[in-house]
Amino acid sequence: MSATTASSNGRNIARRMAAPLRSALTEHRTVVLVGPRRCGKTVLVSALSRERGVPCRSLDQPATRRAAAFDPVEFVVGADPVVIDGVPQVPDLAGAVAKAAAHGSRPGQFLLTGSVRAPGFADLPSAQPGGTAVLELWPLSQGELDGRPDRFVDRMFAAGPRPDHRSAETRAGYVERLVRGGFPEAVSRTPLRRRRFHDAYLTELLDREIGQLAEIERIDEMRALTRLVASRSGQLLMAGTVAGELGISQRTVARYLTLLEDAFLLRRIPAWTRDIGTRAVSAAKVAVVDSGLAAHLVGRGAAELRSLESPLGPLLEGFAAMEIARQLTWSAPGIEMFHYRTRDQLEVDIVLENPRGQVVAVDVKAASTVRDEDFRGLRHLADRLGADLVAGIVLHTGPQTLTFGSRLCAVPIAALWES
């Protein structure tokens, strides 16, 4: 049986995370699948529960939620193996699962889901051998939507770019992909219906998920922060500057950013350094995890973004970064994503580093023509990393791969999912 997600036109789309989930269930007593609301977690775990022949209990059902809240321990006693969907809705449930799993020994006892990184998940015994595995599911990747391999990250570390790779994708095609995003319920909608979906999604997330979880009274402040972050895609986000612009305290900004990240609306991309001098800037970038939602937040549709004068560059960088972030959930383990910028403005949009200290560096350009000067930041890293720089890539909207020196290439953005 294939673990799939149904899109808004009813098409079943195979999910890359199905295989890692199956593998984790053979090795760990408890597996937690977290990710944004409406990204397909329920559909995926329901399919796996049927495949394994185990019950699936959804806490979206009021009666089930009341039973779990009334007596969390009794709710899980004798219930394994079981799938429990929406665990953060009952704050004490994760602790009850931890106690039950501690007395068990077989893998696959509990498969849990959550749309927030709930504090209760920290109670699960992840440090114990065979204890808890936490996996992330994101909105659909371009490869999942197209039925393509989505192996760019592994390919770059293993063999570098293919010098003969060409893509038929156009700038207009990239714009359409960007504004479509990856939420299963949104990808096949008309632009008007997609805007309505995004409006409803933000209201549901901010008012229900975050508002109830953190008891926030000023949701309007968080909405303003979310729009501001989307407008600053590709830039460093300084909490003090943001606080001044919004008229709220720096501590409140820091708290809101953490909540938005815990709810999978935003992703922080930390600064990368390997003690290369003292010039690296330490501030993180923050990106909206879904490009369609990001375009909605800044009020840009496909028609506007197709213009050569449009602010496509920052949104396209976020789009590429989040495609790579999706791939990190099923690529070789231990690869982390950063950005790099020096005080004299040399920068690299995305720095990927594996556990061996090898680096793949990526810049993103919203242009079909790549010039030698577009490699300034990448050459800066190449000079300092030496052989540890496996590849320096400029992703662009043109059709072909071009070589700009040893380990330096300009590659079509579509190589992210076509490689």
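Mind listing whichever residues of the range 293-310 are touching a residue at least 40 places away in the same chain (Cβ under 8 Å) and not in a loop (DSSP other than H, G, I, E, B)?
Those that are touching a residue at least 40 places away in the same chain (Cβ under 8 Å) and not in a loop (DSSP other than H, G, I, E, B): 293, 294, 295, 296, 297, 302, 305.
With the requirement that a residue be in a helix (DSSP H, G or I) and modelled with pLDDT of 95 or more, what does the range 104-154 give you?
Across the range 104-154, the qualifying residues are 142, 143, 144, 145, 146, 152, 153, 154.
Taking residue 373 as the residue in question, decide whether it is assigned by TED's automatic domain parsing to the domain that holds residue 294, free of Cβ contacts under 8 Å to residues at least 60 places away in the same chain, part of a loop (DSSP other than H, G, I, E, B) and acidic (Asp, Glu).
No: the conditions fail for residue 373.
So which of 388, 374 ends up being closer than 26 Å to residue 332 by Cα and either among the acidic types (Asp, Glu) or in contact with a His (Cβ under 9 Å, 6 or more places away or on another chain) (or both)?
Just a single option satisfies the conditions, and that option is 388.
When you check residue 387 against the structure, is it in contact with a Cys (Cβ under 9 Å, 6 or more places away or on another chain) and over 27 Å from residue 306 (Cα atoms), yes or no?
The answer is no for residue 387.
For the condition over 23 Å from residue 321 (Cβ atoms) and in contact (Cβ under 8 Å) with a residue 24 or more places away in the chain, what is the one hit in 155, 148, 195?
After applying the criteria, what remains is 195.
From the residues in the range 226-269 that are of a type in the set (Lys, Arg) and touching a helix residue (DSSP H, G or I) at 6+ places or on another chain (Cβ under 7 Å), which one is surrounded by the most Cβ atoms within 10 Å (Cβ to Cβ)?
267
Using beta carbons and a limit of 6 Å, which pairs, at least six apart or on different chains, have the first residue in the range 222-235 and closer than 16 Å to residue 321 by Cβ and at pLDDT below 95 and the second one in a helix (DSSP H, G or I) and among the small types (Gly, Ala, Ser)?
Once the first residue is closer than 16 Å to residue 321 by Cβ and at pLDDT below 95 and sits in the range 222-235, its partners that are in a helix (DSSP H, G or I) and among the small types (Gly, Ala, Ser) give 230/294; 233/318.
So is residue 329 among the β-branched types (Val, Ile, Thr) and either within 17 Å of residue 173 (Cα to Cα) or outside the structural domain of residue 168 (by TED's automatic domain parsing) (or both) or not?
no
Determine whether residue 35 is buried (at least 20 other Cβ atoms within 10 Å of the Cβ), of a type in the set (Gly, Ala, Ser), touching a helix residue (DSSP H, G or I) at 6+ places or on another chain (Cβ under 6 Å) and under 30 Å from residue 193 (Cβ atoms).
yes
If I ask for residues that are surrounded by fewer than 21 Cβ atoms within 10 Å (Cβ to Cβ) and touching a Phe, Trp or Tyr at 6+ places or on another chain (Cβ under 8 Å), which ones from the range 354-369 would you list?
354, 358 - these are the residues of the range 354-369 that are surrounded by fewer than 21 Cβ atoms within 10 Å (Cβ to Cβ) and touching a Phe, Trp or Tyr at 6+ places or on another chain (Cβ under 8 Å).
Name the residues in the range 391-406 that are surrounded by fewer than 20 Cβ atoms within 10 Å (Cβ to Cβ) and either in contact with a Pro (Cβ under 8 Å, 6 or more places away or on another chain) or at pLDDT 95 or above (or both), would you?
Correct list: 399, 400, 401, 402, 403, 404.
Being touching an Asp or Glu at 6+ places or on another chain (Cβ under 7 Å) and under 19 Å from residue 404 (Cα atoms) is the filter here; which residues of the range 128-164 pass it?
Once the filter is applied, which keeps residues that are touching an Asp or Glu at 6+ places or on another chain (Cβ under 7 Å) and under 19 Å from residue 404 (Cα atoms), the range 128-164 yields nothing.
Within the bounds of the range 166-177, is there any residue that is in contact with a Gly (Cβ under 6 Å, 6 or more places away or on another chain), modelled with pLDDT of 95 or more and crowded, with 18+ Cβ neighbours inside 10 Å?
no
Hey, among 185, 204, 209, which residue is farther than 17 Å from residue 291 by Cα, buried (at least 17 other Cβ atoms within 10 Å of the Cβ), among the charged types (D, E, K, R) and within 22 Å of the chain's Cα centre (by Cα)?
The unique qualifying residue is 209.
The values are calculated or read from the model by the stated rules, or taken from the named source; none is laboratory data. What you see is a predicted model; the values in this text were computed from it and never measured. For neighbour counting, all protein chains shown are included, and Cβ atoms are generated from backbone atoms with ideal geometry for every residue, glycine included.
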